[in-house]
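Every number here is computed from the coordinates shown, using simple stated rules; none is lab data. What you see is a predicted model; the values in this text were computed from it and never measured. Cβ placement follows ideal geometry from the backbone for every residue including glycine, while neighbour counts extend to all protein chains displayed.
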2 protein chains.
Amino acid sequence: ELADALEQGCLPALFTGKRIMITAGPTREALDPVRYLSNHSSGKMGYALAHAAARMGAKVLLVSGPVNLPSPPGCERIMTDSALDMHQAVMQRVGEMDVFIGCAAVADYRPQQQAGQKIKKSQDKLTLTLVKNPDIVAEVASLANKPFTVGFAAETQDVAHYAKDKLARKKLDMIAANDVSKQNIGFNSEQNALSVYWPSGEALLPVSDKLTLAAQLLTLIEKQYKE
Amino acid sequence: ELADALEQGCLPALFTGKRIMITAGPTREALDPVRYLSNHSSGKMGYALAHAAARMGAKVLLVSGPVNLPSPPGCERIMTDSALDMHQAVMQRVGEMDVFIGCAAVADYRPQQQAGQKIKKSQDKLTLTLVKNPDIVAEVASLANKPFTVGFAAETQDVAHYAKDKLARKKLDMIAANDVSKQNIGFNSEQNALSVYWPSGEALLPVSDKLTLAAQLLTLIEKQYKE
């Protein structure tokens, strides 16, 4: 029936009056003005969540990494580049939020040094030292007055194991996991499938377009958020 | 008058019967199935060159890195991902070519090891060893039966110095240089400006849209190619 509702362009107004922050996309970690480290996140899942949440009545703040997607209708959007940028944008506003969904594929590491000029390729080998970026979703989940905090896990193996471990370790309220090693779903695909875990339960959302999946995940979030 | 010709959609058929290979875009160097090293090349300059060359009568083979641009009308296109992919695609067909334009921002380095599974962020610091990629344009220029070989130099300082050095060192027939530290031109911009050097001369192509600039560069190439 959710699919029918989506097709008719109407979704249940589960989030009226609620403020939801959603992060989306990859981050880019500069080595120099030209080169960067990034990942294959397209931002489509996060943007679908923002779009669906707005249609379900939420006041949505989308904190996006560098992607070429239009701002979803009815959402406020802040564009960011690096993990440090995104961290700052999130922390500045997360205190106002009822729900936080960390869907961005934030780079775990950044180059220790960022060269001001393009690095010349004089050496045959180059050793790059990477340092850890702030863990945004874990930091949000550890706030004294934390919003209902949902994380994502993009894995290529042992998906359930890593997701449940992440849920517990980071003290999240919910985690949505997908297997990005599968060609037909996940990164840059129009479709996705999610395994969703929370401390007292789990649900499997089978392969579907990302907007339908977003609405299904938001329905699960609302159910747990109320409890 | 070239601008007028462009506006009218007609360009001088300087390359009728000639085969031109053009590389475009960035390359992506995988660390694991999720993460990669890349650069800010949008592919727009290379695609504009392919488009203009086809309109000037050439048989164009565009070897493209990962970008979200439609194939220019009248061009054959091969999509590639890493520098090694692009190297293989170029070498397989470059023997048939009259002109080669290496406009791609090929990653100079790739991770020495590519992990089969997503790397876990267990460590506080990560050391990445990068090894040199093949230098595609230099390899093309060193072929016994080489095409007229044009390179690009994207620099953030001392543009003329680095470009002339690259021209001589790689034995190119021509090099087009741009200063990517300038915000209004270069990477991801619709506009660009090029300083062009060849062993016996140079030319400055002032700020313009990339298609006009492409036609101007191709006109310079045809003049030197004939000599």
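Charged neighbours of A:Lys223, selected by a Cβ distance under 15 Å, balance to -3 (K, R count +1; D, E count -1). Neighbour counts of other Cβ atoms within 10 Å put A:Phe100, A:Phe15 in the fewest-to-most order A:Phe15, A:Phe100. Taking chain B as a Gaussian network of alpha-carbon nodes connected by springs under 10 Å, the highest mean-square fluctuation of the residues B:Asn39, B:Asn178, B:Asn192 belongs to B:Asn39. Helix B:210-226 and the long axis of chain B differ in direction by around 70°, with both axes built from C-alpha atoms. Ascending distances from the B:Lys171 label point to its copies in the other chains, with the point 7 Å along the Cα-to-beta-carbon line: 6.5 nm. Scanning chain A for the Cβ atom closest to the axis that brings A onto B yields residue and whole-Å distance A:Leu128, 2. For a modelled paramagnetic label at B:Lys120, 7 Å from Cα along Cα-to-Cβ, the residues of region A:162-177 in reach, with backbone nitrogen under 15 Å, are A:162-170.
Our helix-only sum for chain A, with -39,500 (n - 2.57) per DSSP H run of n ≥ 4 divided by its residues, gives a mean residue ellipticity at 222 nm of -8500 deg cm²/dmol. Inter-copy label distances at A:Leu2, shortest first and taken from points set 7 Å along Cα to Cβ: 5.7 nm. Computed from Cα atoms, the angle from the helix A:44-55 axis to the main principal axis of chain A rounds to 40 degrees.
So how far, in whole Å, is the C-alpha centre of region A:80-110 from the one of region A:10-29? Each part reduced to its Cα centre gives a spacing of 12 Å.
Whole-Hz Karplus values for region A:135-149 come out as 8, 4, 5, 5, 5, 5, 5, 9, 5, 4, 10, 6, x, 5, 10 Hz, taken residue by residue from phi with 6.51 cos²θ - 1.76 cosθ + 1.60 and θ = phi - 60°; glycine and proline positions read x. May I ask for the angle, rounded to the nearest 10°, between helix A:159-169 and the longest principal axis of chain A, with both axes built from Cα atoms and the value confined to 0 to 90°? Result, in degrees: 90.
Label-point spacing for A:Asp98 across the identical copies (point 7 Å from Cα in the Cβ direction), in nm and ascending order: 6.8.
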